[in-house]
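Notes for the one structure printed next.
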Amino acid sequence: MTSKTPIELLTGPANMSRRGFVGGLSAGILGVAATEAANAESLADVPDRGPGADLSAHSERSRFAKIDRIPESTPGKRNIDPSDAINSKTPHQKLVGNITPTDLHYERSHSGVPDIDPAQHRLLIHGMVSKPLVFSVDDLKKMPSVSRVVFIECTGNGWENWKKADPDLTVQNTHGLVSTNEWTGVPLKFLIDLVAKDKGSTWMLAEGGDGAGVDRSIPLTDEIVNEAFVAYGQNGEPLRPAHGFPMRLVMPGFEGNLNIKWLRRLKFGTAPWMTRWETARYTQLLADGKARQFQLRMDTNSVITQPSGMMQIQPGYNRISGLAWSGHGKIAKVEISTDSAKSWTQAQLSQPVLSKAQVRFQMDWVWDGKPTRIVSRSTDEQGNVQPDRQSFIAAMGSNALFHYNAQQTWSIDEAGRVRNVLA
Amino acid sequence: MSSHDKLLLAAIFTVGLLAAPAFAFDFGRPATPDEIKLWDIDVGPDGKGLPDGSGTVAQGKQVFSDYCSACHGENGQGGIKDRLAGGQGTLASSMPVKTVGSFWPYATTLFDYIHRAMPYPTPGSLSTDETYAVTAYILSLNGIVAADGKVDKDSLPKIKMPNRDGFIPEPEFDPARLFHNK
C-alpha cells in the first residue's frame, strides 16, 4: 500500500503540509478541543510556565479533554432525557489503549442505579447446596481473590445498524456498549466449594438487588465454573454504583446482562428458570419468526475507532486504530481494508493480547484523497472470523436486535468526511 | 489462651492457608430457612416456586387499571412502555411486535416478572392474589385465558403459550443436551 514509513512522512514534506498534519491529529485522535485557542505554531507561542493549581484529593480531567458517555434509549432514540435512558455509551472515538476509564465504562441498567450501603448488602447462596450461606462484602474481601482484565459487552451493541445506517453516527453510537476493565473478586469455584454444591446441580440462577431484580440462568460448564467470579473491585477501586456496587458477577466472554450487577442471590438447580430476560428480552428473532435462545457467548468483533463516524481526515498520512474482542478467547489477528473490502492488510496488535479482553489494533495508511471505504475484521484464536454484513444478515435476518457483530464500514468522501454506512 | 494454644492456632491457620477449602466454615454465616423464604422468589416453568393464592381476570382488570395502565396503556397497548397484548402472527414480518401473547413462551415467567419487577416504582408491592389476577388479565387480553377465567399455581404452568415452540436453543448451551452426556 505504501513503502513510506511514518518517520519518512513526518520528516519529509511528501504530499502534505505540516499544518495539515497537525490539524488532522488534533481534530481526530484524542478529542482534545483544539478550537478553544489558537494552535501554538511556533515554540514562542507556547504559554510560559508557572505555578499550577493546588493539589487535590481527586484528579479531574483536563478542561481541554471533553469526554463523556451518551445516554440513549432504543436504536435511533438519541439526545434523550436521562430519565428515559436505558444505556449510556462509551466514547471510543476519544479513547486510546486497551482499558476503558472506569467512569466511561458503558452502562446498561434495567431499573436505574440503586444506592446500596455495603454494610446492609448481603449475598445469599442456596438451592442445591449442603450449606446455604449468607455473605457480606467484607466476607468476600477476606477470601482469595483474582483480578482479570475482560471486556463486558451489552448484547445490544451494534444495534443501530441492523436495518439501516444513519450516516451521522459516531462509533460511540454504533459500538459504545462494550468496554474493558480490570475486575477483582472471588472465583465462583471458591464459593461453590464453600456452600458444598450438589454435584447434580448444572444451572445457577444469578439475581441482582436492583428494582427489577434482574435474573439470569447460567449453565455451569467447566469454562464458566473456572472463569466466573464475584467482583467487588473495578480498575483497582470499589465497583462504581452504575457497574454493580458493592458486588457483581463477572462472566468473561458472555452476554453483558449475565454479569449480574448488585448481585444478591445465587441459587443452584438443574434447569434454566426461563426468566423474562432469557425468554422475552435477550433472545434473537430470526427472519422466519423463530428466536435463538441461550446465545450466551459474545462473538468475535472489531471496529475502527480512529478515524470513525463524523471525523474528517486529511490526505496523506493517517493512522488507523481500533478495538477487537472475542468471547471465544484471544484475538489472533485483525485485518484492515482501505479499499472497500477488496484487499486486506494485517494490523498491529497492542500487547498484551488477553483472552476475552479488548485489544487495540493499528496500521499506518496514506490516503490518496479519493473516496473510499475502510473496514476491519477480526479473527480469534478459535478461528472465528468476524462476518461481513451481507452474510451476517443472511444468517440472522434484520430483526434480531441483539448480537450484532458484522464488520463496521466507514465511508470517506472526497472531503475526508468519515460516515457510517452499510457495506 | 496459653501460648501453646496460640502456637497450635497459628499452625492450623498456616495449614489452612495452604489448603483454603479446609477453612470454608470461616466465611459467611449459615442462611436460616425462614430468611431464605423471604428472598426465594423465583418461579420455574414447571410452576415450582408459585405461591398459594389465585386471581381472576375481573380482579386483574382493576389491578391493571390502578397500577399498570399508566405505562402500558389501557388494554396493554399504546402506552409509553412495553406493549403487552396483540402482535400474534407478526414475528416473521419486517415489523415484528413482541408481546406477552405473541412472544413469551411461558405463563409462569409472567407471574415471576410481575412479582419481582412490577409496578416499576414499587416492585413487589402487589399481593400474591393481585399478582395472579393481573397475570390472568394480561393473558386474557391476548385471548389465552377466558374473560371469566382465573389462574393459580396449578393452572398457570399448564397454560401453553402461543409461542411456546418459537425458540431455538443455541446448540452450545441447549438445556436439553447440555450436561446430559456427562
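The values are calculated or read from the model by the stated rules, or taken from the named source; none is laboratory data. Bear in mind that the values here come from a model prediction, so they are computed numbers and not experimental data. All Cβ positions, glycine included, derive from the backbone under ideal geometry; neighbour counts span all protein chains shown.
From the list B:ILE80, B:ILE168, exactly one residue is within 12 Å of chain A (Cβ to nearest Cβ) and in a strand (DSSP E or B). Which is it?
From the options B:ILE80, B:ILE168, the qualifying one is B:ILE168.
Can you say whether A:VAL195 is in contact (Cβ under 8 Å) with a residue 60 or more places away in the chain and buried (at least 20 other Cβ atoms within 10 Å of the Cβ), as far as the supplied structure shows?
Answer is yes for this residue.
Which one is farthest from A:ILE152 (Cα to Cα) among residues in region A:363-372 that are touching a strand residue (DSSP E or B) at 6+ places or on another chain (Cβ under 7 Å) and surrounded by fewer than 18 Cβ atoms within 10 Å (Cβ to Cβ)?
A:PRO371
In region A:327-350, what residues are within 18 Å of the chain's Cα centre (by Cα), outside any strand (DSSP E or B) and under 20 Å from A:GLN93 (Cα atoms)?
Selection gives A:SER350 alone.
Being in a loop (DSSP other than H, G, I, E, B), touching a helix residue (DSSP H, G or I) at 6+ places or on another chain (Cβ under 6 Å) and on the phi < 0 side of the Ramachandran plot is the filter here, so list the residues in region A:170-213 that pass it.
Passing the criteria: A:THR170, A:ALA212.
Select, from A:ALA423, A:ALA324, A:ALA400, A:ALA357, the only residue that is within 27 Å of A:THR100 (Cβ to Cβ), touching a strand residue (DSSP E or B) at 6+ places or on another chain (Cβ under 8 Å) and modelled with pLDDT under 95.
Exactly one residue qualifies, and that residue is A:ALA423.
Within the group A:GLY185, A:GLY244, A:GLY176, A:GLY211, which residue is within 20 Å of the chain's Cα centre (by Cα), buried (at least 19 other Cβ atoms within 10 Å of the Cβ), over 23 Å from A:ASP299 (Cβ atoms) and of a type outside the set (Phe, Trp, Tyr)?
Result of the check over A:GLY185, A:GLY244, A:GLY176, A:GLY211: A:GLY244.
Return yes when B:GLY73 is of a type outside the set (Val, Ile, Thr), within 12 Å of chain A (Cβ to nearest Cβ), farther than 28 Å from A:LEU205 by Cβ and out of contact with any strand residue (DSSP E or B) (no Cβ under 7 Å at 6 or more places or on another chain) and no when it is not.
no
Only residues that are facing chain A (nearest Cβ under 9 Å) and not in a loop (DSSP other than H, G, I, E, B): list them for region B:116-130, please.
Selection gives B:ARG116, B:ALA117.
Considering only region B:146-160, I want to know if a residue exists there that is of a type outside the set (S, T, N, Q), crowded, with 22+ Cβ neighbours inside 10 Å and out of contact with any strand residue (DSSP E or B) (no Cβ under 7 Å at 6 or more places or on another chain).
For region B:146-160, residues of a type outside the set (S, T, N, Q), crowded, with 22+ Cβ neighbours inside 10 Å and out of contact with any strand residue (DSSP E or B) (no Cβ under 7 Å at 6 or more places or on another chain): present.
Output the number of residues of region B:131-145 satisfying the condition of being in contact with a Gly (Cβ under 8 Å, 6 or more places away or on another chain) and in a loop (DSSP other than H, G, I, E, B).
Final tally of qualifying residues: 3.
Are any residues in region A:220-241 in a strand (DSSP E or B) and surrounded by 21 or more Cβ atoms within 10 Å (Cβ to Cβ), and if so, which ones?
Of everything in region A:220-241, those that are in a strand (DSSP E or B) and surrounded by 21 or more Cβ atoms within 10 Å (Cβ to Cβ) turn out to be A:PHE229, A:VAL230, A:ALA231, A:TYR232, A:GLN234.
Touching a Ser or Thr at 6+ places or on another chain (Cβ under 9 Å), exposed (fewer than 14 other Cβ atoms within 10 Å of the Cβ) and under 22 Å from A:HIS243 (Cβ atoms): which single residue out of A:PRO71, A:PRO82, A:PRO91 fits that description?
Exactly one of A:PRO71, A:PRO82, A:PRO91 is touching a Ser or Thr at 6+ places or on another chain (Cβ under 9 Å), exposed (fewer than 14 other Cβ atoms within 10 Å of the Cβ) and under 22 Å from A:HIS243 (Cβ atoms), namely A:PRO82.
Can you tell me which residues in region B:146-165 are in a loop (DSSP other than H, G, I, E, B), over 16 Å from B:PRO105 (Cβ atoms) and either under 20 Å from the mean Cα position of the chain (by Cα) or free of Cβ contacts under 8 Å to residues at least 60 places away in the same chain (or both)?
Across region B:146-165, the qualifying residues are B:LYS153, B:ASP154, B:SER155.
Of all residues being among the aliphatic types (A, V, I, L, M) and in a strand (DSSP E or B) in region A:48-76, which is nearest to A:VAL171 (Cα to Cα)? Just the residue, please.
Per the stated criteria, the residue is A:ILE70.
For region A:254-287: of the residues being more than 12 Å from every other protein chain (Cβ to nearest Cβ) and part of a loop (DSSP other than H, G, I, E, B), which is farthest from B:GLU35 (Cα to Cα)?
A:ASN259
Of the residues that make up region A:140-156, is at least one among the polar types (S, T, N, Q), closer than 30 Å to A:MET311 by Cα, in contact with a helix residue (DSSP H, G or I) (Cβ under 9 Å, 6 or more places away or on another chain) and more than 14 Å from chain B (Cβ to nearest Cβ)?
no
For region B:22-45, enumerate the residues that are loosely packed, with under 13 Cβ neighbours inside 10 Å and either in a loop (DSSP other than H, G, I, E, B) or modelled with pLDDT under 50 (or both).
B:ALA22, B:THR32
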